[in-house]
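Participant: Dumping the structure here so I can ask a few things about it.
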Amino acid sequence: MTVRRIRIRTLVAILVVALAAAIAAIVIGTRGSDGWRFRYISEPAPSPDGSRIAFVAVHNKRGPGPLQRTLKVFGAPPATVECRLWIVDRKTGGLEMTDGKAFFETMTWRPDGAELIFVSGSHDHFMSLDRLDLQSLTASTLDDRGPHWAPRFSPDGASLGYVRARALTFTGLGSRFLLIRDVGTGGETVVSRDVHPSSWRWARDSSRVLFMDADGRKILEYRVADGATRVLYAVSNPDDHLGSGRLLLSPDERWVGVVEYLGFEGEKHFLAVDLETGSKRALFACHSLFRFDWGDAGICYVQQENDGELGDTGTLILHDVATDSSRPLATGSLRDPTWLSSTEILVVRWPKELCVIDIETGTETRIFPLP
């Protein structure tokens, strides 16, 4: 009986060890050998030729468990979040995991596809302006003189625009400057000292910059050649203001589009301003903040059912500006729609999928991760 009990205990011990190893393998497979866990995708940005997609892969790492928290006199640190810059090949699904650590802001491809400029999320140089070389996949600091937002190359590749604040403090950001940097010389030109940190863009011929003022009440134009600035649109009602989302230009550059708030917490709608006549059109209502994009076929956006929280169900909608009509394209936990071509929309299916939706056929193709 004694030998039999020993054999049973040995068998149970082996099973327990095997089960523990299996559980560990699952945990490591989910979180990675370094303890970081890939949680979701954000901010996808297609390369100029559409062959590669750069995106922010958000990871987190849990702090100490209940026992460690109990033993610590001052409590445990919160979970750590890290945003890594990944690039996927659209056709092959090949993934390049770079050493770039990005902040939750837009990134910009150089027009020739040779490098990416992004806002750093590294603790060593937080919100500096960083460069990612697409050959070596290594990142380096381009400018660390203050917190930065929304870097964007000019379409001709000769200039790089971005927003920089004097300081990032608990009491505020101070002045926020929109700057244009000459790629060849590194010299900077101040476009404005009073801008919204992310609502600006280049004209397609690189001759003009459109931007929103810091108070969200004006859309202005800056001419690169002579440095002249003029107001394109100003909110007339003192209770209304413009939203903080992306500032868009129509493909023919006749219209500029932005979200407008009616009242302090009133109705929101997508507003199109005619740059030739100054007239405006409210195209569609917005029930939550979202990312949108304007292409040849119209404006694509995700209308979420609730308050725009991560993972909420929503509908991808295409609005035809010419006919002032909308049609749904897809539903689900969708985010960050971006035109990939004249007939294709890149979208994030929350939390970890990148998909392309063809607006003519309605087909949806997953490009990351591959099926």
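Participant: Of the listed peptides 132-143, 110-121, what is their order by residue-averaged count of other C-beta atoms within 10 Å, with the highest listed first?
Facilitator: Descending mean neighbour count gives 110-121, 132-143.
Participant: Under a crude label model (7 Å from the Cα following the beta-carbon direction), how far is D194 from S325 in nanometres?
Facilitator: With each label placed 7 Å out from Cα toward Cβ, I get 4.4 nm.
Participant: Quote to one decimal, in nm, the extra length available between S206 and D296 on full extension: 0.36 nm per residue of separation minus the C-alpha distance between them.
Facilitator: Numbers: separation 90, 0.36 × 90 = 32.40 nm, distance 1.94 nm.
Value of the extension gain: 30.5 nm.
Participant: Could you give each residue of segment 107-119 its phi-based ³J(HN,Hα) in whole Hz, using Karplus coefficients 6.51, -1.76, 1.60 with θ = phi - 60°, and x for Gly or Pro?
Facilitator: These are the phi-based 3J(HN,Hα) values: 10, 9, 7, 5, x, 8, x, 7, 7, 10, 10, 8, 8 Hz.
Participant: Next question. Please list, in chain and number order, the residues 5+ apart from A102 or on another chain whose amide H is under 5 Å from its amide H, with Hs placed from the backbone.
Facilitator: Result for A102 returns C83, R84, L85, G121.
Participant: Read phi for every residue in segment 195-209 and hand back ³J(HN,Hα) as whole Hz from Karplus 6.51 cos²θ - 1.76 cosθ + 1.60, θ = phi - 60°, with x for Gly and Pro.
Facilitator: 10, 6, x, 10, 8, 7, 6, 8, 6, 5, 9, 6, 8, 9, 10
Participant: If you don't mind, there's one more thing I want to ask. For segment 249-256, just list the computed ³J(HN,Hα) in residue order, Karplus coefficients 6.51, -1.76 and 1.60, θ = phi - 60°, integers in Hz, with x standing in for Gly and Pro.
Facilitator: 10, 5, x, 8, 6, 8, 10, 10
Participant: Of the cross-linked pairs K61/K352; K218/K352; K280/K352; K101/K268; K61/K101, which ones have a Cα-Cα span greater than 26 Å in the structure shown?
Facilitator: Working: K61/K352 17 Å; K218/K352 37 Å; K280/K352 38 Å; K101/K268 34 Å; K61/K101 15 Å.
Distance filter (> 26 Å) returns K218/K352; K280/K352; K101/K268.
Participant: At R0 = 30 Å, how high is the FRET efficiency between D144 and S51 if r is their beta carbon distance? Nearest 0.05 is fine. Don't skip to the end; give the middle numbers.
Facilitator: Working: r = 31 Å, r/R0 = 1.04.
That pair, D144 with S51, gives E of 0.45.
Participant: Give, in nm to one decimal, the length gained when the segment between D358 and L262 is fully stretched (0.36 nm per residue of separation minus the Cα-Cα distance). Don't jump to the answer; show the numbers that get you there.
Facilitator: Details: separation 96, 0.36 × 96 = 34.56 nm, distance 3.41 nm.
Here the segment from D358 to L262 would lengthen by 31.2 nm.
Participant: Rounded to the nearest 20 Debye, what is the dipole magnitude of segment 104-252 about its Cα centre when Lys and Arg each give +1 and Asp and Glu each give -1 at the C-beta? Spell out each step's value before the answer.
Facilitator: Working: 17 positive and 20 negative charges, 52 e Å.
Dipole of segment 104-252, to the nearest 20 debye: 260 debye.
Participant: Please report the relative contact order for segment 141-224, taking Cα pairs under 8 Å with a sequence separation of at least 6, and give it as a percent rounded to a whole number.
Facilitator: Values: 173 pairs, mean separation 17.6, N = 84.
Result for segment 141-224 is 21 percent.
Participant: Highest mean first, how do 90-101, 202-213 rank when packing is the count of other Cβ atoms within 10 Å averaged over residues? Please list the in-between numbers first.
Facilitator: Details: 90-101: 15.2, 202-213: 18.8.
So the peptides 90-101, 202-213, ranked by packing, come out 202-213, 90-101.
Participant: Ordered by packing density, taken as the mean number of other Cβ atoms within 10 Å over each peptide's residues, highest first, how do 249-259, 223-233 rank?
Facilitator: Working: 249-259: 17.8, 223-233: 12.5.
By packing density, highest mean first, the sequence is 249-259, 223-233.
Each value in this text was obtained by applying a stated rule to the coordinates, not by laboratory testing. Being a predicted model, the structure only gives us computed values, none of them experimental. For neighbour counting, all protein chains shown are included, and Cβ atoms are generated from backbone atoms with ideal geometry for every residue, glycine included.
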